[in-house]
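Input: a single structure, listed below in structure tokens.
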């Protein structure tokens, strides 16, 4: 079937207010102990290498509040008080370059390495600051704790102190045993460990860890507001409800409940067909809210009591833009060999395009009524369906996720309740609805929207006119793209370079990249739910010459899939690439940073991605590609490698939200 563009989404983008990121609190703790007198492989002292690296950071830090703490700089390790030789040399305040330079220039290596005590003093300093401001501690050291403290425990206590903080550690010329402890400090502090073996590596490591520390995307729920609560206590539905294609003998509000009897409708006009049980523009007694939901993010829920006794029976909670553009969470009966399967389906209908995701409850007819709560949660362009129901085997009542759908054009949707029969000459079933509610979720979303001073290009996708001026879209499909909290692209079937089924909604920066060496960083949030999805960034010259760096789901055997990071080169008919498996993020929403670095004719790909440890991230090198005559533009994509899922229905469509883009020239 061909996918029609969503006529209601004539405006490509929907704008939402975005909170600007407050200046971060950054505390740099510098090791000035006696061992920093040692020389690096380049023949200079470690302390001079540290000074040079630290002095190279002001352009990165100048938009934030910065403090510098020193240890081991006034007392030798053999003198009394060496383990208390810690000084907040530059209090945390708006960055002043001259003061910072003087502080760094005065470094003198003398004493001990009291990392734990330095972190304790840092905790006191940070606790005195605004708790809502993101905070980062960056420890630069060439060794382990030498004063008997437990820096790992202290780092953990900082994370548990009740404010947003991450502790990053740069290990300079350390041995494997020292590296182990320093990695543990960063891990306990929720931050990143970077190893620098020489002066050049220290400059690179410090620059990288500071950039990591200043990346902040925070999502915080501020309010939950009841927009609608209806327990159907009246004998009439009232003006707040509208019934589409009414059959007054088969619906009624009675005894504090809404009853709808399922019935079959003929499909005389080849209308969008949802599974085996109804057509979206033929179903009778669609009980729909008269007014649309006016909220950016929300939850819609209703209790359902429904006894399935025959094929084709079903009931559902819907969000409707119109008859042919529907998000639906349904409970219905489908063929299963010679039996029936009772299952939940989260379905998206966009014109002739129908995309379901299902979750089975049980086989056979129900012994009695199945009581459940249906809930659809909207977050940006993503709608996720949940059901609270008893497990048929254990009897335990719990929430289960049915699936997620992503779509544009539902910013003014109306909730609706339905019941229907998909098969002729089957008995009617009664769907009993109660406790209908719409809850608005108010979030504060903060993104690092201050352009770095060294950026050749920067965006957080928060301005409609600028987006249209700076980007173009190849093979546009309006129902699968839009701006809300960032640039959202929903995957569709398409093949890069294929004229018959081209890659759709390939968004390209409409300007040249820097002429020399450069680095691109793109922060994005996505969730892969099935095999054959591929989302990420591209360096795109044309369909015969391109690089793709993405988060992709490949078949893992049977109904499993294997999430991977991949860096692929397209050169004519040839495709070559490298992959890194990421199995621990299967089915999870993840925020990651895609990075491509160009040096000469070589392009290196890395991704800042979650580790197997909770709340930890790390840079993963994906691979390197070489292209000779290559003048690409920066691109953003989401596509499905197959039209179907396991050959049983349309491929699952996933959403990726691109949140922040930085392009910078490098040496």
(message) Condition first: closer than 23 Å to residue 285 by Cβ and part of a strand (DSSP E or B). Now tell me which residues in region 384-416 satisfy that.
(response) 385, 387, 414, 415, 416
(message) Any residue in region 142-169 that is in contact (Cβ under 8 Å) with a residue 12 or more places away in the chain sitting within a Cβ distance under 8 Å of a residue that is surrounded by fewer than 18 Cβ atoms within 10 Å (Cβ to Cβ) and part of a strand (DSSP E or B)? List the pairs, counting only those 6 or more apart or interchain.
(response) 164/218
(request) Identify, from the list 636, 567, the residue that is surrounded by 17 or more Cβ atoms within 10 Å (Cβ to Cβ), within 16 Å of residue 526 (Cβ to Cβ) and touching a strand residue (DSSP E or B) at 6+ places or on another chain (Cβ under 7 Å). (result) 636
(message) Exactly one condition in (1) assigned to a loop (DSSP other than H, G, I, E, B); (2) touching a strand residue (DSSP E or B) at 6+ places or on another chain (Cβ under 9 Å); (3) buried (at least 16 other Cβ atoms within 10 Å of the Cβ) is false for residue 236; which is it?
(response) (3)
(message) Can you tell me which of (1) in contact with a strand residue (DSSP E or B) (Cβ under 9 Å, 6 or more places away or on another chain); (2) farther than 24 Å from residue 129 by Cα; (3) at pLDDT below 90 is the one residue 57 doesn't meet?
(response) (2)
(request) May I ask you to verify whether residue 246 is in contact with a strand residue (DSSP E or B) (Cβ under 6 Å, 6 or more places away or on another chain), assigned by TED's automatic domain parsing to the domain that holds residue 364, modelled with pLDDT of 90 or more and part of a loop (DSSP other than H, G, I, E, B)? (result) no
(request) Kindly establish whether residue 148 is within 18 Å of residue 186 (Cβ to Cβ) and out of contact with any strand residue (DSSP E or B) (no Cβ under 6 Å at 6 or more places or on another chain). (result) no
(request) Take region 543-555 and flag every residue that is in a loop (DSSP other than H, G, I, E, B) and either modelled with pLDDT of 90 or more or surrounded by 15 or more Cβ atoms within 10 Å (Cβ to Cβ) (or both). (result) 543
(request) Give the residue that is surrounded by the fewest Cβ atoms within 10 Å (Cβ to Cβ), with candidates limited to residues of region 573-601 that are modelled with pLDDT of 90 or more and out of contact with any strand residue (DSSP E or B) (no Cβ under 8 Å at 6 or more places or on another chain). (result) 600
(message) Checking residue 498 against (1) in a loop (DSSP other than H, G, I, E, B); (2) at pLDDT below 90; (3) crowded, with 21+ Cβ neighbours inside 10 Å, only one condition comes out false. Which one?
(response) (3)
(message) I'd like the residue in region 8-33 that is over 23 Å from the mean Cα position of the chain (by Cα) and surrounded by fewer than 20 Cβ atoms within 10 Å (Cβ to Cβ) and, out of all such residues, is modelled with the lowest pLDDT.
(response) 8
(message) Anything in region 148-173 that is crowded, with 21+ Cβ neighbours inside 10 Å and part of a loop (DSSP other than H, G, I, E, B)? List them, or say none.
(response) 173
(request) Would you point out which residue out of 118, 77 is over 17 Å from residue 27 (Cα atoms) and touching a strand residue (DSSP E or B) at 6+ places or on another chain (Cβ under 6 Å)? (result) 77
(message) Just checking, does region 372-383 include any residue being out of contact with any helix residue (DSSP H, G or I) (no Cβ under 8 Å at 6 or more places or on another chain), outside the structural domain of residue 654 (by TED's automatic domain parsing), surrounded by fewer than 21 Cβ atoms within 10 Å (Cβ to Cβ) and outside any strand (DSSP E or B)?
(response) no
(request) Scan region 348-369 for residues that are more than 24 Å from residue 320 (Cβ to Cβ) and either crowded, with 17+ Cβ neighbours inside 10 Å or touching a residue at least 12 places away in the same chain (Cβ under 8 Å) (or both) and jot them down. (result) 360, 361, 362, 363, 364, 365, 366, 368, 369
(message) Step by step: first the residues of region 525-542, then only those that are touching a residue at least 40 places away in the same chain (Cβ under 8 Å) and closer than 25 Å to residue 626 by Cα, then the one that is surrounded by the fewest Cβ atoms within 10 Å (Cβ to Cβ). Which residue is that?
(response) 541
(request) Could you please find all residues in region 505-524 being crowded, with 23+ Cβ neighbours inside 10 Å and in a loop (DSSP other than H, G, I, E, B)? (result) 505
(request) Kindly establish whether residue 430 is more than 28 Å from residue 319 (Cα to Cα) and either outside the structural domain of residue 333 (by TED's automatic domain parsing) or surrounded by fewer than 22 Cβ atoms within 10 Å (Cβ to Cβ) (or both). (result) no
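The values are calculated or read from the model by the stated rules, or taken from the named source; none is laboratory data. Values in this document were obtained by computation on a predicted structure and should not be read as measured data. Cβ atoms come from the backbone with ideal geometry, glycine included; neighbour counts cover every protein chain shown.
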